[in-house]
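A quick write-up on the structure given underneath.
Nothing in this text is a laboratory measurement; each read-out follows from the coordinates by a stated rule. All values reported here derive from a predicted model rather than from experimental measurement.
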Amino acid sequence: MDFVGTLPSDALGRAVIEIEKHVSSAGWDQPAQLFALVPTAELLLAEPHLAAELGAEDASQPLTPVAQGELPGGLEDEHLADALGRIEWPDGVSGCALAIERVVLPASAEAGLADAESDAELARMAGSDPRRHEVRMVAAVLREGDRFGAVRLRSHDEDSAVLTGTDLVPTLCEVLSLTFEPSVGSWPGEGPGVDGMSDDEEKRP
């Protein structure tokens, strides 16, 4: 039985908020985490014991996040699309979500980083820049194309300060959407880093 078409319009947003709170409850400096999004009603019918283990005893939350194992190839930005490209979701998966931490710098900081001779030096310079912002981003997409994101700043680490929206992390959502395509290529076009937060901010390791 297919419940995908009956998902409420806010199902994806509610799943993202649930994932963001779950990941944030464990604190900062965590590795990237990937989740499959499964219709709760379908999961309750097909796998009631698994649903209970995941805390999905009823369908009040339309989508149940299911944590996945470690991705192959690492999750640095230059490897992210390739790692996600190895994933083939089964038909029962309606969407997916990724929680990832990054250091974000204003575009004005670019000139000072151009002299870095290695990735390690670049990370050190970015990490010591007083203009940096440490952020956690959660991006999610549905197979049909819906997208939603959440961003938490480490400097404003409260649930009430979490930013959410359909266009908040567009590049990361675009990469996730490729996991539902028959074939996966490289990064979708030019633009800001994996966060895709805005044109005047750019991610650094």
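Annotations for the structure displayed:
- Computed from phi, the 3J(HN,Hα) profile of the range 30-38 under the Karplus parametrisation 6.51, -1.76, 1.60 (θ = phi - 60°) reads 9, x, 4, 10, 10, 10, 8, 10, 10 Hz, with x in place of Gly and Pro.
- Using 0.36 nm per residue and subtracting the Cα-Cα separation, the extra length available between residue 158 and residue 10 on full extension is 51.1 nm.
- Residues whose amide H lies under 5 Å from that of residue 146, counting only those 5 or more places away or on a different chain, are absent; hydrogens are built 1.01 Å from N in the peptide plane.
- From phi via Karplus (6.51, -1.76, 1.60), per-residue ³J(HN,Hα) for the range 45-56 in Hz, x at Gly/Pro: 6, 7, 9, x, 5, 5, 4, 5, 4, 8, x, 10
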